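The values are calculated or read from the model by the stated rules, or taken from the named source; none is laboratory data. This one's a predicted model, so the numbers in the text were calculated from it and none came from an experiment. Positions of Cβ are generated from backbone atoms using ideal geometry, with glycine treated the same way; all protein chains shown enter the neighbour counts. When the accessible area is computed, the model is the full protein with side chains, heavy atoms only, and any ligands, DNA or RNA have been set aside. Shrake-Rupley method; radii C 1.70, N 1.55, O 1.52, S 1.80 Å.
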Amino acid sequence: LFHVESPMLDEERYIPFARYALGRPGISIGDSVLYTHRLEVACKNRPGSVANDFGFVTSGGKQSTLHAEIDRLTLLFFNDPECENCAAAKQMLAGNALLKELVENGTLKVVLVYTEGDADVWKNHKNDHPSGWLSVFDAGETVRMKRIYELRAMPSLYLINKNKKVVLKDVTADVLLQYLAPMGL
């Protein structure tokens, strides 16, 4: 229920399991530490909760925050430009007609977030994205260092509504596109 590559990944079902396990008498220290950590991860940025805010620099050099940039449905796309899985997901999303239409008509904003701290890597790739997408750099490495988002695998996609609430947490590009499909009707 917790492993990122499991076909049964389901944090919402993992949460009551972890809480139950932590309440059991005689739980080992190792299991207690493990379940406590995983429970913390599962409860962070849950669907329906307000997305954690953080600051960043845009490709134009502007200082901003996630909450300041959210004025519509927003795809938060945590990625590393040197990651093959990230490049494949970016290509899939960039080539999707519905996603492209949603960006062009102002329904969806795509924010590419680089969190790895290497300014040169980001500068070399900050414009490698479709028109209408926003590329940002977490220069203070707040996301990674303070673990305000748990980036278990790259890319990590979050869909956030205009009220700054998480709609989808850490999903694949396929799951995102399935969710967006009814918007194309």
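Among the cysteines of the chain, those with no neighbouring cysteine Cβ under 4.7 Å are Cys43. Straight-line cross-link partners of Lys164 among the aspartates and glutamates, defined as a Cα under 14 Å from its Cα and at least 8 positions apart when in the same chain: Asp53, Glu69, Asp71.
Counting heavy atoms of the protein chains only and a 1.4 Å probe, report the per residue accessible area for the stretch 1-151 as a whole number of Å².
Numbers: 8090 Å² over 151 residues.
Per-residue value: 54 Å².
Assign one of three labels to the stretch 100-160, namely rounded, prolate or oblate, based on the Cα gyration tensor with a ≥ b ≥ c the square roots of its eigenvalues; rounded applies when a/c is under 1.5, prolate when it is not and a/b is larger than b/c, and oblate otherwise. It is oblate, given that a/c is not under 1.5 and a/b is not larger than b/c. Dimensions of the chain based on its C-alpha atoms, expressed as ranges along the principal axes with the largest first, amount to 56, 41, 31 Å. Taking a ≥ b ≥ c as the square roots of the eigenvalues of the Cα gyration tensor of the stretch 65-118, is the shape rounded (a/c under 1.5), prolate (a/b larger than b/c) or oblate? Cα axes put the stretch 65-118 in the oblate bin.
Give the ranking of Glu40, Glu82 by solvent-accessible surface, highest area first, calculated with a 1.4 Å probe. Numbers along the way, then the final one.
Details: Glu40 105, Glu82 125 Å².
Ranked list, largest accessible area first: Glu82, Glu40.
List, in the order given, every pair from Lys123/Lys165; Lys126/Lys165; Lys90/Lys165 whose Cα-Cα distance in the structure shown is over 28 Å. Before the final figure, lay out the partial values.
Details: Lys123/Lys165 30 Å; Lys126/Lys165 26 Å; Lys90/Lys165 23 Å.
Check vs 28 Å cut-off fails for Lys123/Lys165.
What the Cβ-Cβ distance of Ala97 and Met8 gives, at R0 = 25 Å and to the nearest 0.05, is a FRET efficiency of 0.20.
Taking all protein chains in place and a 1.4 Å probe, what share, in percent, of the accessible surface of the stretch 86-153 do carbon and sulfur account for?
Numbers: 1560 of 3340 Å².
That share works out to 47 percent.
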